[in-house]
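Before any comments, here is the structure.
Readers should treat all values here as calculations from the given coordinates under stated rules, not as data from a laboratory. Given the structure is predicted, the values throughout are model-derived calculations rather than measurements. Every residue, glycine among them, receives a Cβ derived from its backbone with ideal geometry; neighbour counts consider all protein chains shown.
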Amino acid sequence: MSFHSITYNEKYRFATLHNYGCTFRCAICSYKLRSGANGTPGLSYPKPKRFLTVPEMKKALQSVSVDTVYFMGGEPTCSKELPEMLEFIKNEIGAATFLGHTNGSQLPIPNLDGANVGIKAWDEQVHLDYTGRPKELIYQNFEAAVCSGMRMKANIVYIPGYVDTDQIESLAEWIASIDVNIPFHIMGYIPVPGQTYSRPTDEQMTAVVKACRKHLKNVAKSHLTSEEALDLTARDDRFAVRMIA
């Protein structure tokens, strides 16, 4: 698809381009918390009424002072305008470029400084069931992006009984084989409408973080409720933004 809005955080001097659409088909996608999509694969939130043109996006970014420009989704690499916008931001604005989240299916990308890759599962069959895609390309792309010099982060959703502690620790061990300093964020699953999986307990979250810290130096976690996930500005002023396009 394409980008439908741009937000700006004046305090931290960053802008975010928001894309609609994704190459994965995750029934437990957290965007369904906002859409009420009842767990329908491939459906995340209502399609925007219109998408921004490249001139509109460039004008909006030139109207503010930015140090970093983030791209979010859905999956931001779906956008055919992404390469042109990355080149513009790097060469015309002089800001850093970062995929705020991505499934990693298109990495590495020219003029992109870094990315936070949401890796879904370690087990091949679980990854295929979860996303509709095999895992091999994602893992290859992540390693290639690190080797290219991009600043990489990884995250995974902990879903007890589906993407469990053993899978997450195996992923952490694999990331450590590339670089033990890569930041790794474990997110507790937030129940999605139409799905039967449960939110992990505090004890389970503590245990999985402890297991991963045996391999990686920078392991963090978040364990939000549905209500907290829908109001992130109350927890972090980086989410206090205004719309500029």
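Residue count for the range 93-123, restricted to those that are closer than 24 Å to ASP67 by Cα and either of a type in the set (Lys, Arg) or free of Cβ contacts under 8 Å to residues at least 12 places away in the same chain (or both): 1. Any idea which residue in the range 79-92 is nearest to the chain's Cα centre (by Cα), counting only those that are touching a residue at least 40 places away in the same chain (Cβ under 8 Å) and over 16 Å from GLY114 (Cβ atoms)? Looking at the filtered set, the residue picked out is SER79. The residues of the range 76-108 that are surrounded by fewer than 19 Cβ atoms within 10 Å (Cβ to Cβ) and of a type in the set (Ser, Thr, Tyr) amount to a single one, SER105. Look at GLY73 and say whether it is of a type outside the set (A, V, I, L, M), surrounded by fewer than 21 Cβ atoms within 10 Å (Cβ to Cβ) and under 12 Å from the mean Cα position of the chain (by Cα). Here the answer is no, as GLY73 does not meet what is asked. Tell me whether the range 128-136 contains one or more residues that are hydrophobic (A, V, I, L, M, F, W, C), outside any loop (DSSP other than H, G, I, E, B), over 16 Å from the mean Cα position of the chain (by Cα) and more than 20 Å from PHE98 (Cβ to Cβ). Yes, there is a match, as at least one residue in the range 128-136 is hydrophobic (A, V, I, L, M, F, W, C), outside any loop (DSSP other than H, G, I, E, B), over 16 Å from the mean Cα position of the chain (by Cα) and more than 20 Å from PHE98 (Cβ to Cβ). Flag: VAL126 does not match the condition of being under 30 Å from GLY161 (Cβ atoms), touching a residue at least 12 places away in the same chain (Cβ under 8 Å) and crowded, with 18+ Cβ neighbours inside 10 Å.
Taking the residues in the range 145-170 that are more than 18 Å from the chain's Cα centre (by Cα) and within 26 Å of THR97 (Cβ to Cβ) as candidates, determine which candidate is surrounded by the fewest Cβ atoms within 10 Å (Cβ to Cβ). Write out each step before concluding.
From the range 145-170, those more than 18 Å from the chain's Cα centre (by Cα) are 147-149, 160-162, 164-167, 169-170; that's our starting set.
Retained after the next criterion (residues that are within 26 Å of THR97 (Cβ to Cβ)): 147-149.
Working: CYS147: 12, SER148: 13, GLY149: 10.
Applying the filter and picking the extreme gives GLY149.
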